[in-house]
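What follows is a set of notes on a single structure, which appears directly below.
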Amino acid sequence: MGILNLAKLLADYAPQAIKENEIKNYFGRKIALDASMCLYQFLIAVRSEGKQLTDANGETTSHLMGVFYRTIRLVENGIKPVYVFDGKPPDMKSGELNKRMEKREEAQKSLEKATEAGDEAEIEKFNRRLVKVTKHHAEEARQLLTLMGIPYIDAPCEAEAQCAAMVKAGKVYATATEDMDALTFGTNILLRHLTYSEARKMPVQEIHLDLVLNGLDVSRKEFIDLCILLGCDYTDSIKGIGGKRAIELLKKHRSIETILDNIDKSKYLPPEEWNYEGARKLFEDPEIMDPEKIELKWNDPDEDGLVKFLCGDKQFNEERIRNGAKKLMKARGTSTQGRLDGFFTVLSTNTPKRKVDDKKNTPNKKAKVGGGRGRGKPK
Amino acid sequence: MFEARLVASATLKKVLEAIKDLLTDASFDCSDVGIQLQAMDNSHVSLVSLILRSDGFDKYRCDRNLTMGMNLASLTKIIKCANNDDTVTIKAQDDADTVTFMFESKKHDKISDYEMKLMNLDQEHLGIPETAFSCKIKMPSVEFARICRDLSQFGDSVMISCTKEGVKFSAAGDIGSANIKLTQTTNFDKEEESVIIDMQEPVTLTFACQYLNSFTKATPLSVQVQLSMSANVPLVVEYQIPDLGHIRYYLAPKIEDDEN
C-alpha cells in the first residue's frame, strides 16, 4: 500500500509540507478521488454491529452507503468530486498482488480457526482483513455516481497516476487518497482523510509536493528513487535500509545507481534482479489517459433513478435517499464563493525555519495552539 | 527593544474584537511606521489589514523591525484583564520569544504585568493592487451592521447593488426575500450620520453574510464605514480608527458557476 513510512518520514524531515485544514475550506475545488481506496474504506468502515450492510439477498451494500453519503458531504461543502477507478494493475505490481493474496489466504485460515474457537473479536478482525473491492462493487458504485450526477473516470492503469496527471494538467485541484504514492506519481497536492466520516472529526491533511521536495532537499527524480528505497508496490527494496538511512544515502549519492556502487553489499543486500529502473519508469511515465481529453461535467441528480436503484432490492430508506438527492440539487444551485488568492499576488512567504532535531517543531497542531514556540526570525 | 504605550486600552480591546472572528493566529509586524497586521482567514476568502500608526501611540519606540506571532485566543485572555481606562504598554526585547503587556490603572496604584509566549507563524504577504473603485459608499457603521444582521436571517449571501439612485442590499432564502435601499443623504450638522455615494459606474456584487457579519465587529471602532466596490474585484470595508490608524477588510465576491 503506497510508500512505506513516507508519511512518517515527511513529518520528521519536511513538516512544513503537511498542513491541516477543515473540509469546509475546500469549497469550489475540484478534487479527484481514488475510487478503489474510497470503496475499500467504506467496506471496512461502514458497518453495523461489526458486519457489513447487506440487502435482501445478502449482497453487500456498505460501499453504496459510503459513496452516497460521503459524496453528499463533499458536495455540501462545495467540493466538486470526481472519482477515478483503477484499470488493470501494472505488470510490475504482480509481486505485490501475490503477497496480498497470500496474506488473504492466511487471514482466511485464521478466520476459520477463530470461528471454530468462537472468538468474536478475532472473527471480526480477520473478516476485515478479507475485505476486497470486487469488479461488482466498482460497477455498482459507477451506476450510483451516474445517478448522482457525479463524474467518474476509468483510468487505464493505476488510479493515483491518473489523478496525478489531472492535477498536473490543472483539471482538478488535488488528489484525495490515503496512498502516499500519489506524491511519487507527481500530484502537487495530496489530500488525506477527506472521505473519513464526519463523526471522527479528523482534519483534512494537505501535503504539497513542492514543499516536500524543498524540505527534503531533493529533486523530483531523487524523490522517486527515495520512494523506491523506502518500499513501493512495484518492486522490493534493500533489506536493512529504512527511512532514515534511505534519505541519508540519497542525499549523499543522489541516485540508486551510485548508492549501489557505494554501499557495503554484504551488509545491505539488494534484491536479486532488482528492477528499480522499471519502477522508476512506472512512476515517471505511467500509463494514463491524456488529461486534456477528459471533460468533467457535474449533472443534476436523478432522484427517481436513485430511489429505484437504492430502495428496491438494496433496501435503503426512500425518504433518506430523496433527502440526499435534494441536498445534491440544492448544492448545485448556489453560487461559489471566490477566493482572494486570484486577486492578490503573493509578495513574500515567511516560512519559519524549523530544525529537524527539535522535537517541539514537529507539525503537531496542538503544540502550536499552546503557543510554546520561538518567535519568527526578525527581519 | 520595542515599546508602545496607549492610554486607552479600550481601543486595543476593540481592535482585537474586530479581528478575532476571522483569524485564530496573527503576526503583528512592528516597525517605525507602527504596528501592522495583514492576514487572510483560513479559507482565503477574506483578508484583514490593520495599521496602528506609531504617532497615534503616546509613546512608541521600535529599534529593530520585529514580527510578533500571537494566538488571538491567548491575547484576548490577557487583554480582558485590563480595565477600559487602564493605560497599556506593550514591550518586547529584540530577540525575545515573549511579549509583555503592562496595564496601569488610572490612579497609578495598580500595575499588572502579563507575559505571553510568541509563536512562529507561516505567513504570506500579499501585494494589494491600488484599485480605482467604481463605487464608494460611506455610511454610519451602526447602520451597516444592522443591515448585515437583518439580511443574514434571510439567506447566506447579500447582494449589494449600487446605482445612481442609491445602494440596495438584498437577500433571499427559504422564508422569502428582503430588500433595503439607502439613498444619499447629506447632514451637514452631523456628517457621520449621512450616507454618501460616490459612483462612477453601477456595480452589483454578491457576498457571504457570514464574513460581512464578522467585519461589523469593528463597528465600535468608528462611527462611519466605507464600502468600495468594483466589478469582479474584492469588496473593501474600511473603518478608520480615530487618531490611530485603520482596519480594512477585503472580501472575495461570490461567483456564478458558468460551467454547469
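The values are calculated or read from the model by the stated rules, or taken from the named source; none is laboratory data. Just so we're clear, the structure is a prediction, and the values are computed from it rather than from any experiment. Because the Cβ atoms are built from the backbone with ideal geometry, glycine has one as well, and the counts that use them run over all protein chains shown.
What to note about this one:
- Residue list for the range B:117-127, filter: among the hydrophobic types (A, V, I, L, M, F, W, C) and either closer than 21 Å to B:Met199 by Cβ or surrounded by fewer than 18 Cβ atoms within 10 Å (Cβ to Cβ) (or both): none
- Screening B:Ser141 on (1) more than 14 Å from chain A (Cβ to nearest Cβ); (2) touching a residue at least 24 places away in the same chain (Cβ under 8 Å); (3) farther than 30 Å from B:Thr163 by Cα shows it passes everything except condition (3).
- Against the criterion of being in contact (Cβ under 8 Å) with a residue 12 or more places away in the chain, within 14 Å of another protein chain (Cβ to nearest Cβ) and not β-branched (Val, Ile, Thr), A:Glu76 qualifies.
- Tally of residues being within 14 Å of chain A (Cβ to nearest Cβ), within 30 Å of A:Gln337 (Cα to Cα) and surrounded by fewer than 20 Cβ atoms within 10 Å (Cβ to Cβ) across the range B:44-62: 2
- Evaluation of B:Ala82 against (1) closer than 20 Å to B:His246 by Cα; (2) touching a strand residue (DSSP E or B) at 6+ places or on another chain (Cβ under 8 Å); (3) crowded, with 16+ Cβ neighbours inside 10 Å (one fails), failing number: (1)
- Taken together, A:Ile31, A:Ile23 contain a single residue that is surrounded by 16 or more Cβ atoms within 10 Å (Cβ to Cβ), on the phi < 0 side of the Ramachandran plot and within 14 Å of chain B (Cβ to nearest Cβ), which is A:Ile23.
- Among (1) of a type outside the set (Asp, Glu); (2) closer than 26 Å to B:Asp41 by Cβ; (3) within 14 Å of chain A (Cβ to nearest Cβ), the one test that B:Tyr114 misses: (2)
- Counted residues, the range B:210-224 - those being surrounded by fewer than 23 Cβ atoms within 10 Å (Cβ to Cβ) and among the hydrophobic types (A, V, I, L, M, F, W, C): 2
- Residue-level check: of (1) away from chain B (no Cβ under 14 Å); (2) surrounded by fewer than 17 Cβ atoms within 10 Å (Cβ to Cβ); (3) over 29 Å from the mean Cα position of the chain (by Cα), A:Ile259 misses just (2).
- Strands (runs of 3 or more DSSP E) within the range B:198-260 that include 1 or more residues within 13 Å of chain A (Cβ to nearest Cβ) and either free of Cβ contacts under 8 Å to residues at least 24 places away in the same chain or β-branched (Val, Ile, Thr) (or both): B:203-208, B:235-241
- Filter pass, A:Val82 being part of a strand (DSSP E or B) and not basic (Lys, Arg): yes
- For the range A:277-305, a tally of residues being part of a helix (DSSP H, G or I) and under 27 Å from the mean Cα position of the chain (by Cα) returns 11.
- Residues located in the range A:75-121, provided they are of a type in the set (Asp, Glu) and over 22 Å from the mean Cα position of the chain (by Cα): A:Glu102, A:Glu105, A:Glu106, A:Glu112, A:Glu116, A:Asp119, A:Glu120
- Condition met for A:Lys297 (touching a residue at least 12 places away in the same chain (Cβ under 8 Å) and surrounded by fewer than 11 Cβ atoms within 10 Å (Cβ to Cβ)): yes
- Across the range A:239-270, the qualifying residues are those that are outside any helix (DSSP H, G or I) and modelled with pLDDT of 85 or more, and the one among them that is nearest to A:Ser94 (Cα to Cα) is A:Ser255.
- Cβ pairs under 6 Å, 6+ apart, first in the range B:118-137 and more than 7 Å from chain A (Cβ to nearest Cβ), second charged (D, E, K, R): B:Ser134/B:Glu201; B:Lys136/B:Asp198
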